[in-house]
Amino acid sequence: MVSPVLADKPTATTEPGRHSRRPGRGRRDHLVAWLLITPALIYFVGFLLYPALAALYYSFTDWNLRTTPDWVGLANYKDLLFDDAKYPHFWQSIKVTLQYTIIAVPLTMVAALVQALLINAIRRGSNLFRLLLFLPVVTAEAAVGAIWRWLYDPQYGLVNAVIGLVGIPKQNWLNTPELVIPALAFIAAWQCGISMIIYLAGLKGIPSSITEAAIIDGANPWQRFRRVTFPMLRPTTFYLLVTGVIAALQVFGLVYVIFSGRGQSVTGGPEQSGLTYVLHLYLYAFRYDAMGAACAMSFILFVFIMIITVLQFKFVKQEAS
């Protein structure tokens, strides 16, 4: 006869909510987890971490990709920053990149916000317009460069034909130093599809009750945008500002395609007016046989981007209001 006390006492096999754990199950779970993350780890170590560490080492050497690297310490950094005779266009490339960033980032964000507002206001056919406005993003940079070289052509380009309709004389966009950076910034604004999609997601996240309350209070469209929509988009704007600045400081492909094969001794347009920092880095790495200096340039850019990003996080308001 079973004792009542023992009968009421739950056992390991009868207690509700508790399951017996099979031996080795936890070990198999860990093995599966490691197998799943192994490809990402291999990619990170082989294509990100190791190249970054190798570039850091080579930045302290004199190396041309063919011979054994010679350790020179901080000489590459010192020469880049202070030796204008050895690196005559280093500071020019920084100036060009900063000018491009100052113009391209705000222009791209404004174009993206305007497109997002227009698409958000459309009741029918918004998916079609979203697709059309996103096409420049997925177009190959080589094709984009070829298209815009034709559009900016001083004789037959469509841009000069359009501005001619309002009485503005034809411009030699890519051969006039003062117009090169605005021309490149306009191309960046034309490729604002990703920013447009992100802004559109931000607009969809604004509660309709807030907008309806503003309408009831008698706010006109401009007041609703200034007092409701734009403040609510502040986190989105901050994200696009940070990522946009980082991307603009590293612009390379479009500039290389547009100005390659034009016969200059240093590519980058007339008087190096389009010689961006990463294009300058590329030239020293693969054309002038100075890979050590190019690696040093890459880490100077890394530190500069980190400083700019920290300043943005410190001084730019991020929260919606």
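Just so you know, all these numbers are worked out from the coordinates, no wet-lab data involved. These figures come from a predicted structure and were not determined experimentally. So basically every Cβ, Gly included, is an ideal-geometry build from the backbone, and we count neighbours across all protein chains shown.
The trypsin sites (Lys or Arg not before Pro) found in the range 104-181 that occupy coil by DSSP, while having at most 15 further C-beta atoms within 10 Å, are ARG123, ARG124, LYS170.
When the P(r) is computed for the range 80-135, the part past 13 Å accounts for 70% of the Cα-Cα pairs. Over all directions, the projected convex hull of the C-alpha atoms in the range 99-178 averages 7.1 nm² in area. Working note: Karplus 6.51/-1.76/1.60 with θ = phi - 60° gives the range 116-129 the couplings 5, 5, 5, 5, 5, 7, 7, 8, 10, x, 5, 5, 5, 5 Hz, where Gly and Pro are set to x. A simple rule links phi to the HN-Hα coupling: the Karplus curve 6.51 cos²θ - 1.76 cosθ + 1.60 with θ = phi - 60°, which for the range 292-308 gives x, 5, 5, 5, 5, 4, 5, 7, 5, 5, 4, 5, 5, 5, 4, 5, 4 Hz, with x for Gly and Pro. Its DSSP H runs of at least 4 residues, each contributing -39,500 (n - 2.57), put the calculated 222 nm mean residue ellipticity of the chain at -20000 deg cm²/dmol, to the nearest 500. Mind checking the angle between helix 177-190 and the chain's longest principal axis? C-alpha axes, 0 to 90 degrees, to the nearest 10. The two axes meet at around 30 degrees.
Ranked from largest, the principal axis spans of the Cα set of the chain equal 107, 71, 36 Å.
Backbone amide hydrogens, once placed in the peptide plane, bring THR61 within less than 5 Å of VAL72, excluding anything fewer than 5 places away on its chain.
Phi angles of the range 195-209 translate, via the Karplus equation with coefficients 6.51, -1.76, 1.60 and θ = phi - 60°, into HN-Hα couplings of 4, 4, 5, 5, 4, 5, 5, x, 5, 5, x, 6, x, 5, 5 Hz per residue; Gly and Pro are given as x.
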